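Chemist: First the structure, then my questions, so here it is.
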Amino acid sequence: MHCRNLMFILLFCVVMGSFSGIVRAEEAIDHYQAAIKKANRITDKTEKENYLKTIIINAETEAKAWLGTIGAASSLYAATSSHCPSTIEDLVKAVPPYLAEKPYSQGIDGYRYAVGTTSQGCKVTAEPIECGKSGSKVFIWESGNATITTENCR
């Protein structure tokens, strides 16, 4: 398990008040949904706003980590196949696979992921499922660029 994924999961557990040890990465999706349900039960306005901000910060941190992972997989795929993947499914179904099977396009931790091609090479995008609720930023990774660019979601 990647350290960045473990760190995010541990933060979620602490925020949710349910830390009981190390959690598997696959459980992060359930923890995100549980955090949203808990936020909906909070009646104090300030406490709820602070809790929702924490969820967004954690989701955005995890989105950037996934973006790096998917970006690296896209680069490896392009290096071996001479073209960028058209879909994340290309990375999952390749032999051997470049990514484990997860619901990238449906959403992980409040973000959806997509791959594509630009004039400079491969591109990976992480977009909040619900702008302002599961995240406030769109993150873009391009193989020709060493950094992740950020845009406000709309």
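The values are calculated or read from the model by the stated rules, or taken from the named source; none is laboratory data. No experiment lies behind these values; they were computed from the predicted model shown. Here the Cβ is made from the backbone with ideal geometry for all residues, glycine too, and neighbour counts use every protein chain on show.
Chemist: Any chance you could count how many residues in segment 136-147 are under 15 Å from Lys64 (Cβ atoms) and either at pLDDT below 90 or exposed (fewer than 13 other Cβ atoms within 10 Å of the Cβ) (or both)?
Modeler: Number of matching residues: 3.
Chemist: While we're looking at this one, here's another question. Given (1) farther than 17 Å from Tyr32 by Cα; (2) within 11 Å of the chain's Cα centre (by Cα); (3) modelled with pLDDT of 95 or more, where does Ala126 come up short, assuming only one miss?
Modeler: Condition not satisfied by Ala126: (1).
Chemist: Step by step: first the residues of segment 103-135, then only those that are charged (D, E, K, R) and in contact (Cβ under 8 Å) with a residue 60 or more places away in the chain, then the one that is surrounded by the fewest Cβ atoms within 10 Å (Cβ to Cβ). Which residue is that?
Modeler: Filtering segment 103-135 for residues that are charged (D, E, K, R) and in contact (Cβ under 8 Å) with a residue 60 or more places away in the chain, the one surrounded by the fewest Cβ atoms within 10 Å (Cβ to Cβ) comes out as Lys133.
Chemist: Name, by its number, the condition in (1) farther than 24 Å from Cys131 by Cα; (2) at pLDDT 70 or above; (3) of a type in the set (D, E, K, R) that does not hold for Lys53.
Modeler: Going through the list (1) farther than 24 Å from Cys131 by Cα; (2) at pLDDT 70 or above; (3) of a type in the set (D, E, K, R), Lys53 breaks only (1).
Chemist: From Ser105, Ser134, grab the single residue that is under 11 Å from the mean Cα position of the chain (by Cα) and under 28 Å from Asn50 (Cβ atoms).
Modeler: Working: Ser105 fails: under 28 Å from Asn50 (Cβ atoms).
Checking each option against the conditions leaves just Ser134.
Chemist: Please go through segment 66-95 and give me each residue that is assigned to a helix (DSSP H, G or I), touching a Phe, Trp or Tyr at 6+ places or on another chain (Cβ under 7 Å) and aliphatic (A, V, I, L, M), ordered by number.
Modeler: Result: Leu67, Ile70, Ala73, Leu76, Ile88, Leu91.
Chemist: I'd like the full set of residues that are within 15 Å of the chain's Cα centre (by Cα), outside any loop (DSSP other than H, G, I, E, B) and either closer than 20 Å to Thr54 by Cβ or touching a residue at least 60 places away in the same chain (Cβ under 8 Å) (or both), limited to segment 141-154.
Modeler: Trp141, Ile148, Thr150 - these are the residues of segment 141-154 that are within 15 Å of the chain's Cα centre (by Cα), outside any loop (DSSP other than H, G, I, E, B) and either closer than 20 Å to Thr54 by Cβ or touching a residue at least 60 places away in the same chain (Cβ under 8 Å) (or both).
Chemist: Listed residues Cys153, Cys84; which is over 30 Å from Asn40 (Cβ atoms) and out of contact with any Leu (no Cβ under 9 Å at 6 or more places or on another chain)?
Modeler: Criteria check complete, one pass: Cys84.
Chemist: Do we find a residue being in a helix (DSSP H, G or I), closer than 20 Å to Ile36 by Cα, among the charged types (D, E, K, R) and touching a residue at least 24 places away in the same chain (Cβ under 8 Å) anywhere in segment 56-63?
Modeler: Scanning segment 56-63 turns up at least one residue that is in a helix (DSSP H, G or I), closer than 20 Å to Ile36 by Cα, among the charged types (D, E, K, R) and touching a residue at least 24 places away in the same chain (Cβ under 8 Å).
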